[in-house]
1. From largest accessible area down, sort Glu767, Glu358; use a 1.4 Å probe on the protein chains.
2. Using each residue's phi in segment 553-567, evaluate 6.51 cos²θ - 1.76 cosθ + 1.60 at θ = phi - 60° and report the 3J(HN,Hα) Karplus result to the nearest Hz, with x for Gly and Pro.
3. Set Lys and Arg Cβ to +1 and Asp and Glu Cβ to -1, take the dipole of the chain about its Cα centre, and tell me which of Tyr92, Phe6, Leu243 lies farthest positive.
4. What is the dipole size for segment 537-662, taken about its Cα centre, with +1 at each Lys and Arg Cβ and -1 at each Asp and Glu Cβ, in debye to the nearest 20?
5. Per residue, how many Å² of accessible area does segment 550-661 show with a 1.4 Å probe?
6. Roughly speaking, what is the stretch gain from Ala662 to Glu266, that is 0.36 nm per residue apart minus the C-alpha to C-alpha distance, in nm to one decimal?
7. Could you work out how far apart the two model spin labels at Thr4 and Ala238 are, taking each label as a point 7 Å from the Cα in the direction of the beta carbon, and quote it in nm?
8. Using θ = phi - 60° and the Karplus form 6.51 cos²θ - 1.76 cosθ + 1.60, what ³J(HN,Hα) does each residue of segment 412-418 get, whole Hz, x for Gly and Pro?
Amino acid sequence: MSTTSFPEGFVWGVSTSAFQIEGATSADGRGPSIWDGFSADRAEACDHYRRYPEDVRLMKDLGMAAYRFSVSWPRVFPEGSGKVNEAGLDFYDRLVDELLAAGIKPYATLYHWDLPQALEKLGGWPSRDTAHHFADYASAVHDRLGDRVDTWFTLNEPWVAAFLGYGSGVHAPGRKSAAEAFRSAHHMLLAHGLATRALRSAGATRVGTVLNISPVMTPAQVSDFGRELSEEDAEAVARIDALANRQFLEPVLRGSYPAELLPIIERHGGLAHIRDGDLDTIAQPVDLLGVNYYTPQVVQAQPSETADPAFPGSEGVLFCTIPTAVTAMGWPIVPNCLSLLLRRLSREYPELDLMVTENGADFVDTMTGDGIHDVDRISFVEEHLRALQSAVEEGARVRGYLVWTLLDNLEWADGYRRKFGLVHVDFATQRRLLKDSALWYRDVIRRNGLTETRPKRPTLETVAARAGVSRATVSRVVNGEAAVSADVRTTVMRAVKELGYVPNAAARSLVTRRTNTIALVLSVPRQGDSLTAAVVQYVTSMLEGAGKQITLMLADTAESHRRIIQQAEARLVDGVVLLPPDRADTLAERLSRTGVPIVLLGKPAVASLVPYVDVDNAGGAEAATEHLLARGRRRIGMICGPTDLVSVQDRLAGHRAALHRAGLQPLLALADLTRASGTAAARQLLGDDPALDAIFAATDQLAIGALQAAREAGRRVPEDLAVVGFDDIDAASATTPGLTTVRVPLADQALALARLLLSRLEGRHTESVILPTRLVMRDST
Ligand code: FCB
């Protein structure tokens, strides 16, 4: 079999971290860490503290050349500083000896997020002293292991530790302060500099750090990296890149903070913590940069967005969902971004050696009689390795690749339900079982490369051929349908087993669901028929593409509601996409009580836990109103649609917010949704205020009505009166003059709905999606 090879001496291995695998949190004098009580799951993890010889043997059998582990600070200094706990260091001593005996190079990370609780009590990372304690700790570890460990990483992903730990509070210690997050980040950088200096003066051979670096791009760039951006989007991308990536890269590798970052830090607690000389300390020469890559950051400019707490300073930036395959974590799978990222780093830092120190994926693993055939994980790693290789071919200085991770483990705030391991761990018995991905990785390491052709996975067709039945019969058997004879069932199941047939994530619903049918429920009548039509068309084609059948149902009477609920209760459908009516009704809630996954189009009138997809109505109205203000309009009337409609409420709120900022009062006229009522409302507004110079209407129909009223009153549009609508219906481009309006993304809403439902069918945690809108400028303003 021909192979594509990696450079000679390319380092293959895996990464782990102390807290996620060791367990034994009170053994041999270890002190508490900030993570011990933070995670919902208990911290016994993989009991690696006692089972390390077995784990090292596994790595040896798989042919690993390197093992990146982290040292637990509270094992070495139970109080964070002061007296070294020799018994804690003994563990790493034994581990390193075991690794060397197995021919595996130890790579030690000094900080993988488990700060001693004692130091958190004294102020944690927002306190400068923590950086100095870290340098002392680094020296103590080097004193003990430096004769055998030659590769040292100071920190793992300081962005995560600072901004999830102290900014959004999703990670330990769970503080929520932008100022503390920026201070923490700076002190982590300082800790890196001080420790690097200490390690080097103690004779360490190779010192570096590990950063999580995500390419930042707009949704359109995901499929076309070279795509030109509008000025606003380019600014949004650059700002998030500064916050996520360059905040760390540039101090370490250039000795300065990105210029656009300093005013952001200043706004969040000031710059006093960045002292003279700090940046020189931080910019110690490094020998190796560890890069952890999982997924890109996809963003675009969206003026109405408030800052994401994990990215203080990200006001006006929308973090977007994109229609790609995702891992069980919900992280979009974009392998080419790895090569983009490696090429960028090699271009910007041509002297720097790089290593991919983490890359891997969480997928739901299915245990079959003969193992775990984790084809999704294999594809994930394989595609990323191909991307890595293409970067290497273009000259990127990548010295190795470490999979995250060896063992299924304690995935921080998410606990044990995440499965990133090449090796399955049964947490009840601590038994290890190699997944197919581990064996596949062993072969990659052996041949230092990938095979040209991918191993073929058995498909439904292969099973059908082996069992001598039709594809439909196989489908019926794996779906557990009753109408198949016992004999046929046995034959099919035997073939499934012999071939090791496991449907991939997309197809898994074949075995776990009974019907493979999705109900697309339409409540009529509803406004905006073009929306309904587009959503039906796109949702249907996307779900059919994922192998589902769609049943269209009308929810227009009490009797039809009853029927739909009965179908869900009888599990005749696997999931429901509901296009609810504009006004409150209870169908969504009643359906969600059946336990069948359901997703909604549009924010529901009654607050509920059912996830929905909506557009940013408030942001769109705000942008429209700001546009009128920017054109010098000061007396702006709004024609509201019925205010019991959620979308109208949101549009009104956005309009008010923009006026409020400009120190202006709203002038409102109510209408229903017809064009004629728009005309009447505009007449009223013009009559009430002869100096009125603009109208913002909640929909295009209403705005078209307003154009009519303006004509009747002899007002010229836009000279005397500017008019803006909302929805960008076909007619809006055909009015005289053409109507400026707010465009809502039709296809994106449908794609997001379909994706949301697919995620729910996979049992993943799902959140509602709000899509950005865009102002379309025409002659009416
Ligand atoms: C990285 C962490 C690692 C693990 C993976 C999934 O951010 O460094 O510990 O949680 O993500």
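The values are calculated or read from the model by the stated rules, or taken from the named source; none is laboratory data. Source: prediction; values computed, not measured. Methodologically, a virtual Cβ is constructed for each residue, glycine included, from the backbone with ideal geometry; neighbour enumeration extends over all protein chains shown. Surface accessibility is based on the protein's heavy atoms, side chains included, excluding ligands, DNA and RNA. Shrake-Rupley method; radii C 1.70, N 1.55, O 1.52, S 1.80 Å.
1. Details: Glu767 120, Glu358 10 Å².
I get Glu767, Glu358, largest accessible area first.
2. Going residue by residue, I get 10, 9, 10, 10, 9, 4, 5, 5, 4, 4, 5, 5, 5, 4, 4 Hz, with x marking Gly and Pro.
3. Phe6
4. Numbers: 15 positive and 14 negative charges, 106 e Å.
Approximately 500 debye in magnitude.
5. Values: 4660 Å² over 112 residues.
About 42 Å² of surface per residue is accessible.
6. Numbers: separation 396, 0.36 × 396 = 142.56 nm, distance 2.58 nm.
Here the segment from Ala662 to Glu266 would lengthen by 140.0 nm.
7. Rounded to a tenth, the inter-label distance reads 3.4 nm.
8. Result, rounded to whole Hz: 6, 5, 8, x, 7, 6, 7.
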